[in-house]
Every structure is written in structure tokens, then in C-alpha cells.
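A short worksheet on the structure shown next.
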Amino acid sequence: MSIKKYYGNWGGSFIPEVLHETFKELSKAFEQVRNDPAFWQEYLRLMSTYSCRPTPLTHAENLTKHFGGAQIYIKREDLNHTGAHKLNNVMGQGLLVKRMGKTRVIAETGAGQHGVATATMAAKFGLDCTIYMGEEDVLRQRPNVFWMEKMGATVIPVRDGSRTLKDAINESFRDWVTNMDTTHYALGTACGPAPFPEMVSWFQSIIGVEAAEQILHQHGGLPARIYACVGGGSNSLGIFQRFLEEEKTELIGVEAGGLGLDSGQHASRLCGNDASAGVAQGYKTMFLQNSDGQMLDTHSVSAGLDYIGVSPILADLWEKKRVRFAAATDSEVMQALDLTMKKEGIIPALESAHAFVQAFKEVGALSAEDAVIINMSGRGDKDIFTIAHAFDDPSWKQFIIERGRQYSR
Ligand SMILES: Cc1ncc(COP(=O)(O)O)c(C=O)c1O
């Protein structure tokens, strides 16, 4: 099977001349492994012994009772090693890097989950590792920065632009152009120039393959709907791909509605009216940009959804109306998080909680015979500072003040 560059009107590979050979080498290596069933077996072995695959599918009985409609199932990517789906992609790319004989990896990160996953992979495979992270995200996700550094990675805060994910991606490309002989850029989502969208989605497809088998076994039929949050698109495509041909399963991508779609302070590209077609960061998709093609500042309570572009594969599925898109606001996310913690004892990442919001709005209208799956892309421990601040928790505030005092003594 050869690698697709375009998905309908979207995708492509708009890269500087100097990177052509590197992309050719990467595409060739990816094509070889994708056509080699032994590679997928090696990948499955690694993920089941080093990570926690297959991750469980949990029947959320209390939430189901609470809403009184469809049976709610949660795909537990939070139980994957490092606490999110990000490791699926990174370990796959790690195996590829070993085959290509490179010695250094770089990556961008927003929520820090992809950075932690990449630092983990680099430690396991003995690679040098540099992570680029917007300065704003360094502040929001300090615990993840700590762990990346402790695993031996160098974390470089990016001070350009809005100091978030798009700026970290730009900086990673700059690094790659100067170090391509030794370095692989382990892009963390299904965006960027070909072959990244296809390669990242392929490694993430493990989520949907497992989920299909699990729901058939546990519920006795395919789900009526699947909900997943959408940053760049890797966890959503990871679960959606297996179900694309299952016409009875509706697929719903949930973007960051931030302070509301009318506020201009959100990161919704396929839902709402603020995005338009454009080419940036090496690919064509719907971008949040102004009429001069300058990227807009985005806003979301979750660092991992705070991005201007979206996977070209999702843009195509949106245009073909195979995936429906919705947006969840910051405050809706906090309510869904609160309810999920109290009813199920599960703490979703702020990113994942966007998918919960939309599912909670809709399950009541479905029948008890139906099942829905919410893809819980990651766990919320990393978000403790943001969540405690949003809940205005007084004892947590006191704890932080005390800690601050201890350090300034
Ligand atoms: C836990 C979690 N979920 C979702 C995302 C969004 O990325 P994607 O759309 O590629 O799954 C991120 C990104 O950092 C993340 O950390």
C-alpha cells in the first residue's frame, strides 16, 4: 500500500527543498514497515509488554444511570503508559527511528503528554531527545516538564508568537532542517506534511481496533456513536478509523469551544465559522487565520486542543460529512470533569473531557439498547493546577502558598 499525500482537497507536503531527501527517506521507511506484518507484531508486542495495551473499555454504569439513555462506555487511554494515547504513536515512530539508524529525536508538545511520551521512548531506546514547548504551555503543564527533564530530555521553552503549540511546531521544523542527518522529528499528531498524518493515524489505529473487539464482546453490537476530542486529530482518528465503514456508527469530533464560538477565544476549526482553508506548517487544512493568512491566537483551557490547524484526514471526513463536529466550552468541560470524577472515580484529562461534554448532551435521547463510546485520550493528573484553580479550591491554594513559602526560605 503506498502513502497517500492528499485526502480530498486537504493535506500535501509543502516543505523546504532542504528537507526533501529526509521526507523521502521517512516515507520509504514507513511504507516498508506498513507492508511488513512482522513490524505490526513487533509493535503489538512492545505495547503489550512495555505499555498497558490493550487498554480496557469501561462500562460507566453510574453515568449511564444518571443520564438514563444509551449505555456509556469509556475507552481508557489514560491507562496507557505515561497516561495518554500519545505513547502509541511515539513507540511506533521509535521502532522506525531504530530502523533508520538515527540517534536523536525532537518533538513539539502542547499538553506535555506527547513530550513525556517522546522522552520516555528516547530513554527506552537510548536516543538523545529535545522537546520544544510554548512558554505558555510550560507554565500550564509544569509537572510534565519536570518528568521530561528527569528522563533526560532537554526542554526548550518557545517564546515566539502565542507561545503555544503552533510555535513549538515551527521551532521543531527549524531544528530538523539543521540536524536532519542525525535527527528524527517525532510529530505528535495527525497533522503536518505527508507522511505524518497517515503515519501517526496508523500507529493510533490500535485504539479503534481494540475498541471494536471490546464493544462487540461486552455490549454485543457496534456502538451507535463514538465521541473523541480533537486537537490535531490523533486520538480521534485512532478510534474512528476502524469504524469508518460501519455506517450505523456515528462519529463525533469535539473541538475546544474555549469561551464560546462567538467570543473569538476558542480553537474550533471545523465547528463554527472562524477557520478557512490555507497552507501552513507544511500542509493544507482549515486554519484559524485572518484574511492575510496570519494565524490567529487560539484559546482553550486544555493545552492539547489549543491549536490553529487540524488533521487533513479529518478535514476530508468533515467535508464528506462522515464525522460530525461539535465544540465544548471551558466551563462545560469543568462540569463534565466534576461529574465523571464523582460518578465513576475517573479523572479525564481536560482535553478528553471535551468528548464527555458532547456525549453527556446527547446520550439521554438514545435508547438503553444503544451504546456509545467516549475515547478518554488521557488522564487528568497533569491538569491538577488548572483544575484546582478553576474549582477555586481553598485548601489547594493554601497548600501552594505554603510550598511557595518553603521554597523562598
Ligand atoms: C490527553 C490528550 N488528549 C488529546 C490531545 C489532543 O491531541 P490529538 O487531537 O492529536 O489527539 C492531547 C494533546 O496533547 C492530549 O494530551
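Among the residues in the stretch 365-376, are any within 16 Å of the ligand (Cβ to nearest atom), of a type outside the set (Asp, Glu) and in contact with an Asp or Glu (Cβ under 8 Å, 6 or more places away or on another chain)?
Yes, some residue in the stretch 365-376 is within 16 Å of the ligand (Cβ to nearest atom), of a type outside the set (Asp, Glu) and in contact with an Asp or Glu (Cβ under 8 Å, 6 or more places away or on another chain).
Give the stretch 247-271 a look and list any residue that's among the small types (Gly, Ala, Ser) and surrounded by fewer than 21 Cβ atoms within 10 Å (Cβ to Cβ), or say none. Don't jump to the end; show me each part of the working.
Step one: of the stretch 247-271, the residues among the small types (Gly, Ala, Ser) are 253, 256-258, 260, 263-264, 267-268.
Within the stretch 247-271, Gly260, Ser263, Gly264 qualify.
So which of Ile3, Ile15, Ile72 is outside any helix (DSSP H, G or I), in contact with a strand residue (DSSP E or B) (Cβ under 7 Å, 6 or more places away or on another chain) and of a type in the set (Val, Ile, Thr)?
The match here is Ile72.
When both residues are 6+ apart or on different chains and their Cβ atoms are under 7 Å apart, which pairs have a first residue that lies in the stretch 53-64 and is farther than 18 Å from Phe203 by Cα, and a second that is of a type in the set (S, T, N, Q) and surrounded by fewer than 16 Cβ atoms within 10 Å (Cβ to Cβ)?
Leu57/Gln218; His59/Gln218
Restrict the check to the stretch 18-40 and report whether at least one residue is touching a Cys at 6+ places or on another chain (Cβ under 8 Å) and either in the same structural domain as Pro312 (by TED's automatic domain parsing) or surrounded by fewer than 16 Cβ atoms within 10 Å (Cβ to Cβ) (or both).
no
Please work out which residue is farthest from Ser302 (Cα to Cα), limiting yourself to the stretch 152-167 and to residues that are within 20 Å of the chain's Cα centre (by Cα) and at pLDDT below 95.
Taking the candidates together, the pick is Asp167.
Does the stretch 99-112 include one or more residues that are in contact (Cβ under 8 Å) with a residue 40 or more places away in the chain, in the same structural domain as Gln218 (by TED's automatic domain parsing) and more than 16 Å from the ligand (Cβ to nearest atom)? Talk me through it step by step, then tell me what you get.
Taking the stretch 99-112 as the starting set, the residues that turn out to be in contact (Cβ under 8 Å) with a residue 40 or more places away in the chain are 99-100, 102-112.
The next check asks that each one be in the same structural domain as Gln218 (by TED's automatic domain parsing); those that pass are none.
Looking for residues that are in contact (Cβ under 8 Å) with a residue 40 or more places away in the chain, in the same structural domain as Gln218 (by TED's automatic domain parsing) and more than 16 Å from the ligand (Cβ to nearest atom), one finds none in the stretch 99-112, hence no.
With the structure loaded, tell me whether Ala70 is over 23 Å from Ser300 (Cα atoms), within 16 Å of the ligand (Cβ to nearest atom) and among the small types (Gly, Ala, Ser) or whether it fails that test.
no
Starting from the stretch 134-149, keep only residues that are over 18 Å from Arg163 (Cα atoms) and not assigned by TED's automatic domain parsing to the domain that holds Thr298, then list their pairs with residues that are at pLDDT 95 or above and not small (Gly, Ala, Ser) whose Cβ atoms are within a distance under 7 Å, requiring at least 6 positions of separation or different chains.
Every condition considered, the pairs that remain are Trp147/Val116; Met148/Val116; Met148/Ile131; Met148/Val155; Glu149/Val155.
Sort through Ser302, Ser311, Ser377 and tell me the only one that's crowded, with 20+ Cβ neighbours inside 10 Å, at pLDDT below 95, touching a helix residue (DSSP H, G or I) at 6+ places or on another chain (Cβ under 8 Å) and of a type outside the set (A, V, I, L, M, F, W, C).
So the residue among Ser302, Ser311, Ser377 that is crowded, with 20+ Cβ neighbours inside 10 Å, at pLDDT below 95, touching a helix residue (DSSP H, G or I) at 6+ places or on another chain (Cβ under 8 Å) and of a type outside the set (A, V, I, L, M, F, W, C) is Ser302.
Hand me the list of strands (runs of 3 or more DSSP E) wholly inside the stretch 219-312 holding 1 or more residues that are away from the ligand (no atom under 16 Å from the Cβ) and hydrophobic (A, V, I, L, M, F, W, C).
Hits in the stretch 219-312: 275-280.
I'm trying to understand the selection: among the residues of the stretch 37-57, which are over 12 Å from Asn88 (Cβ atoms) and within 20 Å of the chain's Cα centre (by Cα)?
Pro56, Leu57
The values are calculated or read from the model by the stated rules, or taken from the named source; none is laboratory data. This is a predicted model, so every value here is computed, not measured. Backbone-built Cβ (ideal geometry, glycine too); neighbour counts: all protein chains shown.
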